[in-house]
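Take a look at the structure set out below.
The values are calculated or read from the model by the stated rules, or taken from the named source; none is laboratory data. As the structure is a computational prediction, the values presented were derived from the model and not from experiment. Cβ sites come from the backbone with ideal geometry, for glycine too, and all protein chains shown count toward neighbours.
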Amino acid sequence: MEKEEVISAAANYVQDLLKDEGSGHDWWHIFRVWNNAKHIASKEQADMHVVELAALLHDIGDHKFHNGDETVGPRMARQWLERYKVDEHSIDHICSIIKDLSFKGAGTSSAMPTLEGKIVQDADRLDAIGAIGIARTFAYGGHKSREMYNPDIKPVLHDSFEAYKNNSAPTINHFYEKLLLLKDRMHTESAKKLAEQRHQYMEEFLNQFYAEWEGEK
Ligand code: ADP
Ligand code: NI
């Protein structure tokens, strides 16, 4: 099978699998990450096939929807890639990118050993910030029946994945626990540039939010 055919089969598979997802991890998130990843990769010397497949398959078995089990995603991706006869070396690479991709708490590291992994992680994180990031975060909070904001519950910088993934804080806290930290954790130059503007937009949003909360604007 030609490489382009494998890519379009992966897109069809993921589109079908995530079409009814209501927490901000739907097909259109994957579509944007795929586009972001292609854009970033076009400026780097990267293996585009690995980048595209990892971007397309990165959220198919997300731990948040499988009782915290982080092995489901890479396992589902491997099964799919084997069925489509992708070479073993690329399969190992794609599955290790998927395994390492997630944000695991403010006090944990985001090590990504390969350029392709760095590109997909940047692409996924660009979609977590800016206007779309804000929208996704409130969509997720609603999906989980979280309070929007509670001035009495302060954000916590988690230093373990367990603590980070088990917290049920108000949605605004997520900005401090993750979203505002992403700008300084981008790997590639093109993502750093895009992140700068998106970060500033979130800062403005938060300032306006607090001003309205106090009835000042
Ligand atoms: P990653 O892609 O780094 O693993 P997640 O899948 O955990 O990140 O989160 C993706 C997006 O889902 C976040 O950027 C945010 O929009 C939303 N989200 C995840 N966890 C929370 C949370 N606790 N509160 C609000 N939004 C969240
Ligand atoms: Ni994602």
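Numbers at a glance
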item: Residue that is farthest from E214 (Cα to Cα), among those in the range 162-199 that are near ligand 1 (Cβ under 9 Å from one of its atoms) and of a type in the set (G, A, S); result: S168
item: Matching residues in the range 22-50 - criterion: being more than 14 Å from ligand 2 (Cβ to nearest atom) and closer than 18 Å to A77 by Cβ; result: D47, M48, H49, V50
item: Selected residue (criterion: nearest to the chain's Cα centre (by Cα)) from residues of the range 133-161 that are more than 9 Å from ligand 1 (Cβ to nearest atom) and within 20 Å of H199 (Cβ to Cβ); result: L157
item: Any helices (runs of 4 or more DSSP H) falling wholly within the range 100-217 and containing at least 3 residues that are within 16 Å of ligand 2 (Cβ to nearest atom), crowded, with 20+ Cβ neighbours inside 10 Å and charged (D, E, K, R); result: 115-126
item: Qualifying positions in the range 67-85 - surrounded by 13 or more Cβ atoms within 10 Å (Cβ to Cβ), part of a loop (DSSP other than H, G, I, E, B) and touching a Lys or Arg at 6+ places or on another chain (Cβ under 9 Å); result: E70
item: Total residues in the range 103-117, condition small (G, A, S) and more than 16 Å from L180 (Cβ to Cβ); result: 3
item: Pairs where the first residue, in the range 69-96, is within 15 Å of V14 (Cβ to Cβ) and the second is hydroxyl-bearing (S, T, Y) and surrounded by fewer than 19 Cβ atoms within 10 Å (Cβ to Cβ), C-beta under 7 Å, 6+ apart; result: W80/Y13
item: Selection count where residues are under 14 Å from the mean Cα position of the chain (by Cα), not charged (D, E, K, R) and not in a loop (DSSP other than H, G, I, E, B), scope the range 22-50; result: 10
item: Residue list for the range 150-194, filter: within 22 Å of A139 (Cβ to Cβ) and of a type in the set (D, E, K, R); result: K165, E177, K178, K183
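Listed here are the residues, each with its yes/no results for (1) surrounded by fewer than 16 Cβ atoms within 10 Å (Cβ to Cβ); (2) closer than 26 Å to K85 by Cβ.
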| site | (1), (2) |
| --- | --- |
| D16 | yes, yes |
| G22 | yes, no |
| A46 | no, yes |
| G61 | no, yes |
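Here is a yes/no grid of residues against (1) within 15 Å of ligand 1 (Cβ to nearest atom); (2) at pLDDT 95 or above; (3) more than 20 Å from T137 (Cβ to Cβ):
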| position | (1), (2), (3) |
| --- | --- |
| E5 | no, yes, yes |
| A9 | no, yes, yes |
| E21 | yes, no, no |
| Q45 | no, yes, yes |
| L56 | yes, yes, yes |
| V72 | yes, no, yes |
| K85 | no, yes, yes |
| G105 | yes, no, no |
